[in-house]
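Below you'll find the structure, written out as C-alpha cells, and then a few comments.
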Amino acid sequence: MAHPAQLGFQDATSPLMEELLHFHDHALMIVLLISVMVLYIITCMITTKMSDKLILDSQEIEIIWTVLPAITLILIALPSLRILYLMDEINDPHLTVKAMGHQWYWSYEYTDYEDLGFDSYMLPTQDLSPGQFRLLEADHRMVIPVESPIRVLISAEDVLHSWAVPTLGIKMDAVPGRLNQTAFITARPGVYYGQCSEICGANHSFMPIVVEAVPLNHFEAWTTLMLEEA
C-alpha cells in the first residue's frame, strides 16, 4: 500500500498494473524529453542574438515540427490502446464475485456458490488491532485465490460508487441499474486495500475495500467455513 510522502504509484501486484506502470514511465520519459527540448529552444532564443531570413521562413522546419509531434503521439497512442484492450479482456475466469455498493458499505456475493455472500463494513478505530490501518480495514475481506483470473461484477443499489484497488490497477464505477465488469489476476498472496473513489455522500471516505489473495487450498478452506456459518 502507499506510504507517507510517496510520490510514485503503489507496487504492482497484478500483470495489468505492471503494464500501466510501464506505460506511465514510457509516457513520462517522452514528456521529459519534450520539456527539455522546449526549454533549450527558449533559452537559445533568449540568449542568442541572431537574425536570418531562413529562420523566419523555412518549409523544411515546418515539415519537421509537424511530423515530429505526430510521431510522438503515435508512440504514446499505440501502447495506450494495447493496455486499453487488455483491461477489457476477460477470458475464462476461475471465479466471479459480485460487488454491490451501498451507502456506505460494500456487499460481496460469490456467484459460483449457492449461498456465499456477506457485507463488508469499515472497522471503527476503537476496534482496530495492532498493525491494522485506520479507515482502510474492513470487518469482512473479499478473499480470492492467488494467480487465478477473477471477474468482478460491479453495481450499486442507491447512488454512484466506484470500486477501486490501486495496486491491482482496478477502478470501475458502480452505477445503479447497470452491471459493469472487470477482471484481474493477483501475482502473489497479500492484502490489498482500496476505497470508493466516487463522492457518494457524507460517509464516502468510510467504505474501504480489502482484497485478500491466498493460496487455493486456503481459499477452499475459507469458503467451506463461510458456507458452514451461513
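The values are calculated or read from the model by the stated rules, or taken from the named source; none is laboratory data. In this text the structure is predicted, and so the values were computed from the model without any measurement. Glycine also receives a Cβ, built like all others from the backbone with ideal geometry; neighbour counts cover every protein chain displayed.
Regarding region 168-179, can at least one residue be identified that is in contact with a helix residue (DSSP H, G or I) (Cβ under 7 Å, 6 or more places away or on another chain) and either assigned by the TED database to the domain that holds Met17 or in contact (Cβ under 8 Å) with a residue 60 or more places away in the chain (or both)?
We begin by selecting, within region 168-179, every residue in contact with a helix residue (DSSP H, G or I) (Cβ under 7 Å, 6 or more places away or on another chain); these are 168-169.
Within this subset, residues satisfying the condition of being either assigned by the TED database to the domain that holds Met17 or in contact (Cβ under 8 Å) with a residue 60 or more places away in the chain (or both) are 168-169.
Yes.
How many of the residues making up region 154-168 are part of a loop (DSSP other than H, G, I, E, B) and not hydrophobic (A, V, I, L, M, F, W, C)?
Taking region 154-168 and keeping what is part of a loop (DSSP other than H, G, I, E, B), we get 157-160.
The next check asks that each one be not hydrophobic (A, V, I, L, M, F, W, C); those that pass are 157-158.
Result for region 154-168: 2.
Contact annotation: residue pairs with Cβ atoms under 9 Å, 6 or more positions apart or on different chains, pairing a residue in region 4-30 that is in contact (Cβ under 8 Å) with a residue 12 or more places away in the chain with a partner that is assigned to a loop (DSSP other than H, G, I, E, B) and among the β-branched types (Val, Ile, Thr), are Thr13/Thr186; Ser14/Ile185; Ser14/Thr186; Pro15/Ile185; Leu16/Ile185. So which residues in region 154-165 are under 8 Å from the mean Cα position of the chain (by Cα) and crowded, with 20+ Cβ neighbours inside 10 Å, if there are any at all? Matches in region 154-165: Val165 only. Annotation: Thr186 fulfils all but one of (1) within 14 Å of Tyr105 (Cβ to Cβ); (2) surrounded by 16 or more Cβ atoms within 10 Å (Cβ to Cβ); (3) hydroxyl-bearing (Ser, Thr, Tyr); the unmet one is (1). Taken together, the residues in region 139-151 that are part of a strand (DSSP E or B), in contact with a Pro (Cβ under 9 Å, 6 or more places away or on another chain) and β-branched (Val, Ile, Thr) amount to 1.
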